[in-house]
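Read the structure below first, then the notes.
The values are calculated or read from the model by the stated rules, or taken from the named source; none is laboratory data. Please read these numbers as outputs of a predicted model, since none were measured by experiment. So basically every Cβ, Gly included, is an ideal-geometry build from the backbone, and we count neighbours across all protein chains shown. For accessibility, only protein heavy atoms count, side chains too; no ligands or nucleic acids. Shrake-Rupley method; radii C 1.70, N 1.55, O 1.52, S 1.80 Å.
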Amino acid sequence: MNKLSNDSVWVASVREPLSLYKSTMAYFRPIVPAFRRIEPNDPIEMWFDQAENFVKTSKRSAYDHFTKSHMFFDFGFDPARSQDMEYVQFAIQELDKIFDLVLVADHFDESMVLLSDLLCWPIKEFACLTLNARKEESKNISAEVEERTRRKVRDWNKADAMIFDHFNASLWRKIETYGMDRMQEQLQILRNETERLSKSCLAKTDPVELSKLNSKQRSSFYQPSGVKLTAYQLRDNVDVVCRHLVQAENSFSKEVFGLQKSNWSTTPS
C-alpha cells in the first residue's frame, strides 16, 4: 500500500452468494475437506443442510475460511465474528469509506461502464471474455429448489449476504445516477467491441472445454480435479492483445506484476 499515491482509485468486487458458493465448492473442493463431505454431483443444498456439522467434524485445513462468508474474510475482517451483525455492519461502513467503486460480478457489464467512467477510460478498453468458467452439466432444478437453496446459502453466509446486498443496491443507485439511456448506449459499445475482438482473435467464438486447447495454452490454467473448465481457442499468429484476451488469470497477473516491479525499481525516490 505504501507504493500507492494518495489519489489512487480503490476498486473491489462482490458476487451473489449462491452463485459464489456454487463456484467456491466446486473449485476449492480438492483443498477444503469439509466440501468433500458430499459427492461432486450432489446438489449443494445437501451441504448447507449440514454445513455446521461438516465444518466442525471435517479435517482442518488452511483453507477452511472458504466454508463460510469468505468474501468477508477476503476483505480483511475477522471470520470468527461473521455472525456478529453489529461488527458486520461496521465492516460494511469501513468498506464504503475505502472503495471508490465496488463492482458486482453478476452485473459485470454495467460495472465495467461505471469503472470506465470512474477512470475516464474509453469503454472499449473494457471489452473482455469470460475465462476459467465451469462447464455446468444440464440439470433440471426447479425455481423453488433454487430459491430454497439460495435462502440456505444466505443464512449460513450472513456476512457475505449483507455485503452483497449493500453493494448491489449501491451499484444500482450509481447506475440510476449515471443515467439508464447513457448506460444502454455504453453497454452497446462494449458488446460491439467484445464481438469485434472475438471475431478477430478467436478460432471459434464459443468457449470450448479446456481439454480441447493446445497444451501450451492449456498449461497456464489451473483446473481442479473433477471440474470441467472452458476457455477460448485463439487463431494462429495473433497479436498480444488477442493473447491477453484469453490468457489465464494467474499467468496474466504474473506478467502484470513483473511490469509493475520493473517500474517500481526504476522510479526515482
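Being polar (S, T, N, Q), part of a helix (DSSP H, G or I) and free of Cβ contacts under 8 Å to residues at least 24 places away in the same chain is a property that holds for residue 93. When restricted to residues that are of a type in the set (Lys, Arg) and either at pLDDT below 95 or in contact with a Phe, Trp or Tyr (Cβ under 8 Å, 6 or more places away or on another chain) (or both), region 37-59 contains 1. For region 1-42, a residue qualifies if it is touching a residue at least 24 places away in the same chain (Cβ under 8 Å), touching a Ser or Thr at 6+ places or on another chain (Cβ under 7 Å) and open to solvent by 50 Å² or more (accessible area, probe 1.4 Å), and the qualifying residues are 30, 31. Please find, within region 49-78, the residue that is farthest from residue 18 (Cα to Cα) out of those that are open to solvent by less than 60 Å² (accessible area, probe 1.4 Å) and in contact (Cβ under 8 Å) with a residue 60 or more places away in the chain. Here the residue is 77.
Only residues that are open to solvent by 80 Å² or more (accessible area, probe 1.4 Å) and aliphatic (A, V, I, L, M) were counted in region 172-181, giving 1.
Results for (1) polar (S, T, N, Q); (2) farther than 18 Å from residue 104 by Cβ; (3) assigned to a helix (DSSP H, G or I), shown as yes or no for each residue.
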position: 145; (1), (2), (3): no, yes, yes
position: 153; (1), (2), (3): no, no, yes
position: 159; (1), (2), (3): no, no, yes
position: 167; (1), (2), (3): no, no, yes
position: 176; (1), (2), (3): no, no, yes
position: 182; (1), (2), (3): no, yes, yes
position: 186; (1), (2), (3): yes, no, yes
position: 190; (1), (2), (3): no, no, yes
position: 206; (1), (2), (3): no, yes, no
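Of everything listed in (1) open to solvent by less than 80 Å² (accessible area, probe 1.4 Å); (2) under 26 Å from residue 101 (Cα atoms); (3) modelled with pLDDT of 90 or more, the single unmet condition for residue 201 is (2). I want to confirm something. Restricting to region 140-171 and keeping residues that are exposed (fewer than 13 other Cβ atoms within 10 Å of the Cβ) and more than 15 Å from residue 19 (Cα to Cα), which single residue is modelled with the highest pLDDT? My answer is 169.
Of the residues examined, residue 82 is not one that is surrounded by 14 or more Cβ atoms within 10 Å (Cβ to Cβ) and touching a Pro at 6+ places or on another chain (Cβ under 9 Å).
Looking across region 62-76, just one residue is aromatic (Phe, Trp, Tyr), within 17 Å of the chain's Cα centre (by Cα) and in a loop (DSSP other than H, G, I, E, B), and that is 75.
Restricting the search to region 96-111, which residues are crowded, with 20+ Cβ neighbours inside 10 Å, assigned to a helix (DSSP H, G or I) and not hydroxyl-bearing (Ser, Thr, Tyr)?
Across region 96-111, the qualifying residue is only 110.
Here are 188, 184: which of them is open to solvent by 90 Å² or more (accessible area, probe 1.4 Å), within 16 Å of residue 129 (Cα to Cα) and of a type in the set (S, T, N, Q)?
From the options 188, 184, the qualifying one is 188.
Considering region 237-251, the residues that are open to solvent by 80 Å² or more (accessible area, probe 1.4 Å) and without any contact (Cβ under 8 Å) to a residue 12 or more places away in the chain include one that is farthest from residue 124 (Cα to Cα), namely 237.
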